[in-house]
Structure formats: structure tokens, C-alpha cells
Amino acid sequence: MTSVTTYDKDRELFARVGKDNKIEVFNSFNCKLLHTFVEIEESKNQIILLTFSTHDKSEKKEYNKNLVAVSNSGKIYMYDCIDFKKKGIFDSHSKNITAVVLGKRYLFTSSHGGKVSQWDIKTKHIIRSFESSEKSISSMGLNNRESQLAIANNDITFIDLSNFKESKKVSTGSNSIKQIQFTQDDKFLICNRYQPTIQIYNIEKLTTTTTTTTTNNNNNSELSTFTLNATSSTKSISIFTHEIKRSSKTVTQYLISSLLQNSQVNIWAYYQDDQYNTDADTPITEITNKSNQIISMNFHSASELILAFFEKEKYQFERVKFFDKKSFIKSITVENPIEFDKITTINNKKQKTSETISIQGNAAEMKQDKVNLPIIKKSTDSIASAGTIVDLIAQSLKSDNDNLLLSSIKVNFSVIQSTVKSLPSPYAYSLLSKLLKYLATDNSKSLIVLPWINCIIKDHSSYLLSVPNLSKKLSVLNTIIQDKFELHNRLSKLVGKFELISSQTKGDKTESIDYEPSLVYDEASDNEQQDADGDMVEEDDEDDESDEFDGMEGAEDDEDDEEIDDDIADLMDDDDDL
């Protein structure tokens, strides 16, 4: 099966082309379908390429998640995956687009003949082009600073985006390149071919024209290429860059995973410092599955990998942990993946062998992101605790550490109020942007996030009003709150109906209760009383009242009776006369 899938650079969103060219966007954390884009005019065509935008996460001025889909009709569609709206159409007038890459401001496309075009995202027009010596381009890569564009087919060409001219070229041989990708720090380029090897190019060590070989690695620090050996031919690669402690020294580690043609996965650990790369060409983890075919994979974190399966017209999903207790797990078997569309909680079901690679001692230690926060016992501790949390939030925002930030904001409401008041307004706005992203991509965090958003908007409203395009940036919040409000009304009505049905059910089951009275009322005791001598005394008051009553009622009745008697007498006299 040919599958068109992609992950965003933060590993938060997963997109695929489903039936009838429907583009489905999922949350890769809880695996829920977020939105489906449909282009009716493309019903007879096919979406052939799909990619998310690249961006430098250290730049906090504006946060975007754009998705580009390329049709074989020659049209390119761009979507906003925060507001889930179509942002525009690029008409390339070419049905032979072979590769695409999207940055913050520009879109780059390649077509048969080796033509590379740079598009302005705002105007949707081509602003300049580059004619490559390659007659066909199979892959392109854009570095995070958006200063270099790499294009590849048999060779790799680096284009300097300041002048849109070739700056370096790497001759790699005759084998066609399937995929190239920059590491997050822009220091290395990873190259994937249709063969059981992956090349790592040190960009700083590449000369203007470099010829490389892919045979053996050695400890020569001047070598610009390092080769990873896979157990089978490779289909796609994923990269995760982070820092670890090794021999009391901070070292940059590059985790590289590859999906193989036989539907297995290999993972390698490569280091910026060459002295640690003695055995880096051998996989540290091998992942196999028993039945289902793995369609795509990506790193979820420095210890977990996301795998997507396809079976019986449904995508299924598994999050696999390959690093545990300071050790890489050598061999993992995945069983019974969970349906991608229905999963809410991920349970890893895998078999681990006892064979592991130890990375203790002089080897690597995983950097711990979890922070133990002070326990808030009394409201009087709020100010001191808030000051501590302000520092943690500032640190997490500067280092872009999501785990630290999420740990820091799990406090009670009094601490939230004190913390938000203590935060400088620029930090509060940066925090608000982060919280809106969490709210849009992971609804399970809403109970934690919403109190913070509420306090930030109330306490820093003056600063927020000075932020350009604030209404657009808060449109996600408005949509989510409106949906929750409408849902609350529906649920309230539903609860009222259930309570009405419940009360009627209880009324039908009312039972009578027999009991013995503690006091019996005797009417005779009020009508007769005995005096001290034993004689019965009648109640004069009641007789008087009854006489009065009779007198009042009888006055008109007596007159009516007399008239009736006279009439009868007259009738009798008439009879006698007859």
C-alpha cells in the first residue's frame, strides 16, 4: 500500500490522505481526529505529497502550524492546523511536482527538469527559481533557520537562500536518494536511500564540491560522512535531537529511527562528539511486529516512538518505549496495536528481551525533565510558592521545555492567581501562547490550562490589547470556549430530563405504611363533661349558637311556607266549587 502521511516538526500532529482524497489531521498525543479537509474539485485527482511547515521553536513572535497538500493536477493547498481553515491555493501550472517543503514565509517546490521554485506564502506567487543540474529532484530539505535549502536525487546540492545560488555539492554515487532531513540544530544532514544504509553528513566539514563513499567508518575526525547500517532497505527516517550527560560532560545526541522495507524499525544513537561514535553504526534498538504492517513512525520523545499501522481500511496506533531505566531496549516486539481513531489511553503491549545495552558509567545518562514542585499546604504560602513557580515557568519558556512547564502549572488556584500577577507581561503572553497550543492539541489538559488562561487575560489585559493580531491568535480559544458552553447547555438539559424521569419513576412506586397511632381523639369528650358532683352539664354555648343559627336561617323559610299554604287552600276551594 502506498501511504501519504506526515508528522509535524513538534510531533504533535499526524496527517494522512484518507479515502476520496480526504486529508485527516490527528492529535498524536491522544490519537483523536481533529479535522478533515476536503477539496471537492480534486475528487478525480490524487493528493501525492503532504508536509507540515518547518519552524524555529526559539522564535516566539508567532506560532503557526501549516500543512501543504500537493495534487497531481498541479495545485497546492495550504491549511492552518490551529484554526483549521484553508489559507490559500498555489497554482503551479505543472502536473509534475516531485518534492515540496514549507517554511514560515516561503514555500519551495521542485518539478521534473530540475526546476526549483520559491513561493511567497502571502501573495501565492513565485518570486524566484533555480535550475538544478539534476534533471529530476526526489527530495528537498529546509534547515530550521531557513538559510539553506538542500535538494537531492543522485547527488545533494545546497542552495544559499540569501542569493538563491548553489553553495555546496555532494557527489554520492548513482543510487537515487529517497529522503533528506536536517537535524534540529542544522549541523548534520541525514540521507536515506533505497538501500540498507543511512548517511550522516557533517555540513560544516563539507567543501564546495565533495565526493563521499559509503563503505566504512573510522575515527578520523576530519571525515564528513558517517554511515549507519540497517538490517534491511530503508523507507523513511525520523530524527530527535537532545542533550545528555556523558562523563560529566554535556553532549548532543541524535536519535535516528528508520522504517525498513520489511516493516521493521531500527534506532541508532549518534553523537556530535566523534569519540562516542565507535559503535554508533549498529542499531541500539530493533522493533518488530507480528502481523500488521507499519505505515509510518516518528519520535514522540527521547524514550518513545510512535508507530502507525494499517489494517482492514483502518489506521492503528502504538506508542513504543525503547529506553527505560538508563538503558536502551535491544529488541522489542509489538502486538495488537490499538485503533487509531478510538484510542484514549495508550497501553504499550510489547515483549522485551533481557539483552540490553547499558549506558551507565562513562556512557550517557538521560536528562531528567521532571521537577519536584513545593507542596502547597496553606494559602499563606502562595506568594513564596508563586515566586518559585515564576522562576520555573521562565526557565521552561526560555529553554522550550514542555515537560517542565506542564509540571510547573499543576498547582492550586490561589497559587495560579499569585503567579500570574508576579509574571512580567511578555512572559505572561508567551505562556498564554503555549497554553493555547496545549488546549488546541490536547483537550485532556483543559482542566489544568483554563484557570491559567483566565487569570492571564484578566491580569494582563492591558498588555494583551497591544499585541498585533490578537483576535486571530485568540480565535482558537473563542471556538473552544463556545463549544464547551454549548455542550454544557445540552448536558444541563439532558440532566434535567433524566431527573424528571427519575422522579416520576419514584412516584409510581409509593407504598402505604400501616402504623398504630400514639393518640386517639374522642369527640364525645368535647360534648359532655362531668362536674364535681357527677352530674352531666350540657354545653350552653353550643346550644346558643345552634339557636342563633336556626333563627338566622328560618326567617325567610317561614314566609315561604305561609305562601305555599295559602296557595294550597285556594286550590282546595276551587275543587269544592266544582
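The values are calculated or read from the model by the stated rules, or taken from the named source; none is laboratory data. What you are looking at is a predicted structure, and each value in this text was computed from that prediction instead of being measured. All Cβ positions, even for glycine, are placed from backbone atoms using ideal geometry, and neighbour counts span all protein chains on display. Accessible surface areas use protein heavy atoms only, side chains included; no ligands, DNA or RNA. Shrake-Rupley method; radii C 1.70, N 1.55, O 1.52, S 1.80 Å.
Based on this model, can you work out whether Phe240 counts as at pLDDT 90 or above, aromatic (Phe, Trp, Tyr), under 20 Å from Thr6 (Cα atoms) and part of a strand (DSSP E or B)? It is true that Phe240 is at pLDDT 90 or above, aromatic (Phe, Trp, Tyr), under 20 Å from Thr6 (Cα atoms) and part of a strand (DSSP E or B).
Please verify whether Ser418 is in a helix (DSSP H, G or I) and either in contact with a strand residue (DSSP E or B) (Cβ under 9 Å, 6 or more places away or on another chain) or surrounded by fewer than 17 Cβ atoms within 10 Å (Cβ to Cβ) (or both), treating the condition exactly as stated. No. Of the strands (runs of 3 or more DSSP E) lying entirely inside segment 88-166, those containing at least 2 residues that are buried (at least 20 other Cβ atoms within 10 Å of the Cβ) and not polar (S, T, N, Q) are 97-102, 106-111, 115-120, 139-142, 148-152, 156-160. Scanning segment 14-37 for residues that are assigned to a strand (DSSP E or B) and either of a type in the set (A, V, I, L, M, F, W, C) or at pLDDT below 75 (or both) returns Phe14, Ala15, Val17, Ile23, Val25, Phe26, Leu33, Leu34, Phe37. Going by the structure shown, is Val68 modelled with pLDDT of 80 or more and open to solvent by 10 Å² or more (accessible area, probe 1.4 Å)? Spelling it out, it is not the case that Val68 is modelled with pLDDT of 80 or more and open to solvent by 10 Å² or more (accessible area, probe 1.4 Å). Considering only segment 285-293, I want to know if a residue exists there that is assigned to a loop (DSSP other than H, G, I, E, B), open to solvent by 10 Å² or more (accessible area, probe 1.4 Å), modelled with pLDDT of 90 or more and under 17 Å from Pro196 (Cα atoms). No: segment 285-293 contains no residue that is assigned to a loop (DSSP other than H, G, I, E, B), open to solvent by 10 Å² or more (accessible area, probe 1.4 Å), modelled with pLDDT of 90 or more and under 17 Å from Pro196 (Cα atoms). Selection of segment 167-198 for residues being under 26 Å from Ala269 (Cα atoms), in a loop (DSSP other than H, G, I, E, B) and not β-branched (Val, Ile, Thr) yields Gly173, Asn175, Ser176, Gln184, Asp185, Asp186, Lys187, Tyr194, Gln195, Pro196. Considering only residues of segment 469-523 that are among the small types (Gly, Ala, Ser) and modelled with pLDDT of 70 or more, which is farthest from Val449 (Cα to Cα)? Ranking the qualifying residues of segment 469-523, first place goes to Ser503.
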